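S.K.: Right, I'll just put the structure down here and ask away after.
The values are calculated or read from the model by the stated rules, or taken from the named source; none is laboratory data. As the structure is a computational prediction, the values presented were derived from the model and not from experiment. No Cβ is skipped: glycine too gets one built from the backbone with ideal geometry, and neighbour counts run over all protein chains shown. Remember, those area values only see protein heavy atoms, side chains included, never the ligands or the DNA or RNA. Shrake-Rupley method; radii C 1.70, N 1.55, O 1.52, S 1.80 Å.
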Amino acid sequence: MSLPNLIDKSIASDQLQLTHRPRRLRRTAAFRRMVQENQLTVNDLIYPVFVMEGQGLKPEVKSMPGCYRYSLDLLLKEVTEAFELGINAIALFPLIPQDLKDATGTESYNPDGLIQRTIRAIKQEVPELVVITDVALDPFSSDGHDGIVTEDGTILNDATVEVLIKMALSQAAAGADMVAPSDMMDGRIGAIRKALDSEGYTDVGILAYSAKYASAYYGPFRDALDSAPKFGDKKTYQMDPANALEALKEIDLDISEGADMVMVKPALAYMDVIHRVRQHTNLPVAAYNVSGEYAMIKAAGQNGWIDEKKVMMETLTSMKRAGADLILTYFSKEVAKILQ
């Protein structure tokens, strides 16, 4: 068909009196910016970081390209740079030496332990940075589980909560701004809130891993912390990926027990859950863009199969669109640089 005929047909189409033409508001970049419904900002980001013993160490996590374990001296430089990029908060995870692990995670509440020393050093170096600490046994457990394990493999809920209380109190004493119980033991939010308040830590917040699924997306994270279960799986305490209504039950319980923020983890395969939770509560909702999600984008980008930066930004924006107020992501620094 010749160009004049195409123009004639276009004119004929206009004569159909199309009242609604959504493309009018997509015509220029300025229009698109004006009507954009969701915007990813640096204030949405929480940067998960890994700390290890030693000096001058920065080994890369093989299954998470561009992500590193840091000895404390280098971690201080990393979090300072993150704060200067506008990132307000970090989530801190420790790599604990094997000889300090035991069946009940006693190292987790050592006042001079790695995590406690790291909190104090960060708060001295960058006092305005919000430090969020993980409360769970798996990095400290010789069994690699989030709870104390009996000889027959049963996870003891209430005995574990007693240890989690000690861990949370030790982190608060070191200067943590917010503790984040990630273990999925029943009743731990209420028990930790009560303990924090009774010891005078009323300003220390709780970010509850409320809807944490027994997901296959966690593999690279467990490589980073050498925290994979030594036997079995975590299906008796983490949620079934097939369930969504159960997430709302867990959210309600954690809110009733005193959570300040709630989380859905993972994020990418659970957008529907993020959306339901956002509709269900007025509390801030966090989503964890977990290690497996990060690794997939990195691997595909390195192979030239996708435009890594564009897919990264699209993925995180979609989490905002689903309803997340905050996103824990290993991409935090890369995103902050793009947004600048």
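S.K.: How many Å² of accessible area per residue for the chain, probe 1.4 Å?
M.R.: About 47 Å² of surface per residue is accessible.
S.K.: Moving to a separate point now. Helix 188-198 sits at what angle to the longest principal axis of the chain, using alpha carbons and giving 0 to 90 degrees rounded to 10?
M.R.: The angle comes out near 60 degrees.
S.K.: In addition: Output needed: percent of Cα pairs per 5 Å distance bin for the range 210-322, bins running from 0 to the one holding the longest distance.
M.R.: P(r) over the range 210-322, rounded to whole percents: 2, 11, 20, 20, 18, 15, 9, 4, 1, 0.
S.K.: Hey, got a sec? Which GluC sites (Glu not before Pro) in the range 20-99 land in a DSSP loop and have at most 10 other Cβ atoms within 10 Å?
M.R.: Answer by residue number: 37.
S.K.: For the chain, with all protein chains present and a 1.4 Å probe, just round the carbon and sulfur fraction of the accessible area to a whole percent.
M.R.: 52
S.K.: Also, quick follow-up: Let me make sure I get this right: for the chain, a, b and c are the square roots of the gyration tensor eigenvalues over alpha carbons, sorted descending. Under 1.5 in a/c it's rounded, otherwise prolate if a/b > b/c, else oblate. Which is it?
M.R.: prolate
S.K.: Run the quick spin-label model on residue 103 and residue 314: label points 7 Å from Cα toward the beta carbon, then report their separation in nm to one decimal.
M.R.: Between residue 103 and residue 314, the label points sit 5.1 nm apart.
S.K.: Which one of 248, 18, 316 has the biggest mean-square fluctuation once the chain is modelled by GNM with Cα springs under 10 Å?
M.R.: Greatest mean-square fluctuation among the candidates belongs to 18.
S.K.: How much FRET efficiency would the formula 1/(1 + (r/R0)^6) give for residue 152 and residue 197, where r is the Cβ-Cβ distance and R0 is 30 Å, rounded to 0.05?
M.R.: So, using R0 = 30 Å, E works out to roughly 0.25.
S.K.: Okay, next question. How many Å³ per residue does the convex hull of the Cα positions in the range 41-129 occupy?
M.R.: Taking the convex hull of the Cα positions in the range 41-129, it is 119 Å³ per residue.
S.K.: Same structure, new question: Which residues does the label zone of residue 186 cover in the range 149-164, counting backbone N under 18 Å from a point 7 Å along Cα→Cβ?
M.R.: 149-150, 154-164
S.K.: Give me the distance between the Cα centres of the range 222-246 and the range 78-113, rounded to whole Å.
M.R.: 21
S.K.: In deg cm²/dmol and to the nearest 500, what is the mean residue ellipticity at 222 nm of the chain if only DSSP H runs of at least 4 residues count, each as -39500 (n - 2.57), divided by the residue total?
M.R.: Computed ellipticity for the chain at 222 nm equals -12500 deg cm²/dmol.
S.K.: Counting only chymotrypsin sites (Phe, Trp or Tyr not before Pro) that are in a DSSP loop and have at most 15 other C-beta atoms within 10 Å, tell me the longest site-free stretch of the chain.
M.R.: Longest gap between qualifying sites, sites excluded: 1-230.
S.K.: Compare 285, 35, 262 in a GNM of the chain, Cα atoms joined below 10 Å, and give the one with the largest fluctuation.
M.R.: Ranking 285, 35, 262 by mean-square fluctuation puts 35 first.
S.K.: Test of understanding: what is the full-extension gain from residue 130 to residue 19, defined as 0.36 nm times their sequence separation minus their Cα-Cα distance?
M.R.: Gain in length upon complete extension: 34.9 nm.
S.K.: Kindly identify the range 121-243 as rounded, prolate or oblate by the Cα gyration tensor criterion: order the square roots of the eigenvalues as a ≥ b ≥ c, call it rounded if a/c is under 1.5, otherwise compare a/b with b/c, prolate if a/b is larger, else oblate.
M.R.: prolate
S.K.: Could you check the simple spin-label distance between residue 38 and residue 260, using points 7 Å along Cα→Cβ, in nm with one decimal?
M.R.: Rounded to a tenth, the inter-label distance reads 2.5 nm.
S.K.: Here is a follow-up. Would you list, by chain and number, the lysines whose Cα falls below 24 Å from the Cα of residue 249, excluding same-chain residues fewer than 8 positions away?
M.R.: The reachable lysines, counting only those whose Cα sits under 24 Å from residue 249, are 194, 212, 234, 235, 265, 320.
S.K.: Using DSSP to define loop residues, name the GluC sites (Glu not before Pro) in the range 98-130 whose beta-carbon has at most 11 other beta-carbon atoms within 10 Å.
M.R.: 128
S.K.: Rank-order 171-184, 92-105 by packing density, defined as the average count of other C-beta atoms within 10 Å over each peptide's residues, highest first.
M.R.: Answer by packing, highest mean first, reads 171-184, 92-105.
S.K.: If you line up the long axis of helix 291-302 against the longest principal axis of the chain, both from Cα atoms, how many degrees apart are they, to the nearest 10?
M.R.: Orientation of helix 291-302: about 50 degrees from the principal axis.
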